[in-house]
Amino acid sequence: MKLKDKIALVTGAGSGLGQASILALAREGAKVAVNDIHDNRIQETVSLVEKEGGEAFGVNADVSSAKAVKGMFEKIVKKFGTLDILVNNAGFMNLSAKMRENFPKIFQEAMTTGTVTMSPQATRFMTDDEWQSMIDLHLYGTFYCTREALNIMEDKGYGKIVNMGSICGLSASCAGSPHYSAAKGGILAFTKSVAQEVIGRGVYVNALAPGFVETPGLIEQTLPDVLTLVKMRTPLGRLGTPEEIATLVVYLASDESNFMVGAVLSPNGGMVISIGY
Ligand SMILES: NC(=O)c1ccc[n+]([C@@H]2O[C@H](COP(=O)([O-])OP(=O)(O)OC[C@H]3O[C@@H](n4cnc5c(N)ncnc54)[C@H](O)[C@@H]3O)[C@@H](O)[C@H]2O)c1
């Protein structure tokens, strides 16, 4: 087992990539803290871990609240005494309201003419609330949890932090989701800055920037035709599975990745290498 008796927290672990990651960490021997904002999802994940013989502790907290995050860390330290691994995962892909409205026409134009002249008008018509909520959840959430984790990890001279970026913040444009793309790009820059800051204290900070992965969140937040276009652009011809991402979370959380510092790994089925046929 690669993570025997390590203590791991995964945020947003009640669904999708977070749930798959926490199960994979627990299978490698980690004791896991399951965070989410939905009690029923926390309970489901805790039960899945326990069914496989692992130890899990559920903790409900909204990662976009500094106060709630502080309280969550206090509970985890009270329960497990420390924290070795933090996976900043909470969040979800989000299409702006205007993109949702305009996408059927864009899709029609793309499929019939092979080009797109229409704008999704996502940025022009984005509300302050749409923008703020994506930045709060992804970027502030990652910052708040990292700050609390470093209070523990820097002092003890060990830690592994894995930040969930996205291909939308790295090498794909993700038109229609400028707020999500900005938040994810911010997370990747944050990863590199903090990685250099704390590596001397034995704390490793790295990120994943996955392409499109079939999760409840993705299916709920995007549109079927968006996924059709994604698959057409992906040489592998399919979406990823949560388990294909979880295996990289385990890698970055384990000492097998000890030469990785501020790195960004992007499993994406070849989406960004293709110029089409
Ligand atoms: N699915 C993809 O294609 C994909 C691709 C790249 C990156 N990602 C990223 O992976 C992460 C997980 O996405 P997913 O597709 O598994 O989504 P998901 O919706 O299936 O799961 C996300 C979980 O986060 C929880 N959550 C939401 N807001 C929260 C908050 N404020 N505090 C704590 N928990 C909260 C939700 O309740 C949910 O259980 C996100 O950061 C997402 O941006 C997903």
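The values are calculated or read from the model by the stated rules, or taken from the named source; none is laboratory data. The model shown is predicted, which means the values in this text are computed figures rather than measured ones. Methodologically, a virtual Cβ is constructed for each residue, glycine included, from the backbone with ideal geometry; neighbour enumeration extends over all protein chains shown.
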If I ask for residues that are at pLDDT below 95 and closer than 18 Å to residue 181 by Cβ, which ones from the stretch 213-232 would you list? 217, 218, 221, 222, 223, 226, 227, 229, 230
Looking at the stretch 35-46, is at least one residue crowded, with 24+ Cβ neighbours inside 10 Å, within 14 Å of the ligand (Cβ to nearest atom) and closer than 27 Å to residue 154 by Cα? yes
Residue 12 - would you say it is over 19 Å from the mean Cα position of the chain (by Cα) and of a type in the set (Gly, Ala, Ser)? no
Restricting to the stretch 150-175, and then to whatever is away from the ligand (no atom under 15 Å from the Cβ) and of a type outside the set (D, E, K, R), can you tell me which residue is surrounded by the fewest Cβ atoms within 10 Å (Cβ to Cβ)? 157
Going residue by residue through the stretch 214-221, is there one that turns out to be of a type in the set (A, V, I, L, M) and in contact with a Cys (Cβ under 9 Å, 6 or more places away or on another chain)? no
For the stretch 25-49, give me each residue that is assigned to a helix (DSSP H, G or I) and in contact with an Asp or Glu (Cβ under 7 Å, 6 or more places away or on another chain). 26, 27, 42
Taking the stretch 220-250 and keeping only residues that are loosely packed, with under 14 Cβ neighbours inside 10 Å and of a type outside the set (Ser, Thr, Tyr), one is left with 220, 224, 232, 235, 236, 237, 238, 243
For the stretch 120-149, how many residues meet the condition of being touching a residue at least 12 places away in the same chain (Cβ under 8 Å), more than 10 Å from the ligand (Cβ to nearest atom) and of a type in the set (S, T, N, Q)? 4
Residue 103 vs (1) modelled with pLDDT under 95; (2) assigned to a helix (DSSP H, G or I); (3) out of contact with any helix residue (DSSP H, G or I) (no Cβ under 7 Å at 6 or more places or on another chain): all pass except (3)
Condition met for residue 253 (out of contact with any Gly (no Cβ under 8 Å at 6 or more places or on another chain) and surrounded by 20 or more Cβ atoms within 10 Å (Cβ to Cβ)): yes
Need the failing condition index for residue 92 against (1) at pLDDT 95 or above; (2) within 16 Å of the ligand (Cβ to nearest atom); (3) surrounded by fewer than 22 Cβ atoms within 10 Å (Cβ to Cβ); (4) closer than 16 Å to residue 242 by Cβ, just the number. (1)
Need pairs with beta-carbon distance below 9 Å; first residue farther than 19 Å from residue 159 by Cβ and within the stretch 6-26, second among the aromatic types (Phe, Trp, Tyr); sequence gap 6+ or separate chains. 12/92; 15/92; 16/92
I'd like the full set of residues that are assigned to a loop (DSSP other than H, G, I, E, B) and away from the ligand (no atom under 16 Å from the Cβ), limited to the stretch 188-223. 202
Just a yes or no: is a residue in the stretch 50-70 surrounded by 20 or more Cβ atoms within 10 Å (Cβ to Cβ), in contact with a Cys (Cβ under 6 Å, 6 or more places away or on another chain) and part of a helix (DSSP H, G or I)? yes
Restricting the search to the stretch 1-22, which residues are in contact with a strand residue (DSSP E or B) (Cβ under 9 Å, 6 or more places away or on another chain), of a type outside the set (Lys, Arg) and more than 13 Å from the ligand (Cβ to nearest atom)? 3, 5, 7, 8
If we keep just the residues of the stretch 243-257 that are in a helix (DSSP H, G or I) and not aliphatic (A, V, I, L, M), which is farthest from the ligand (Cβ to nearest atom)? 255
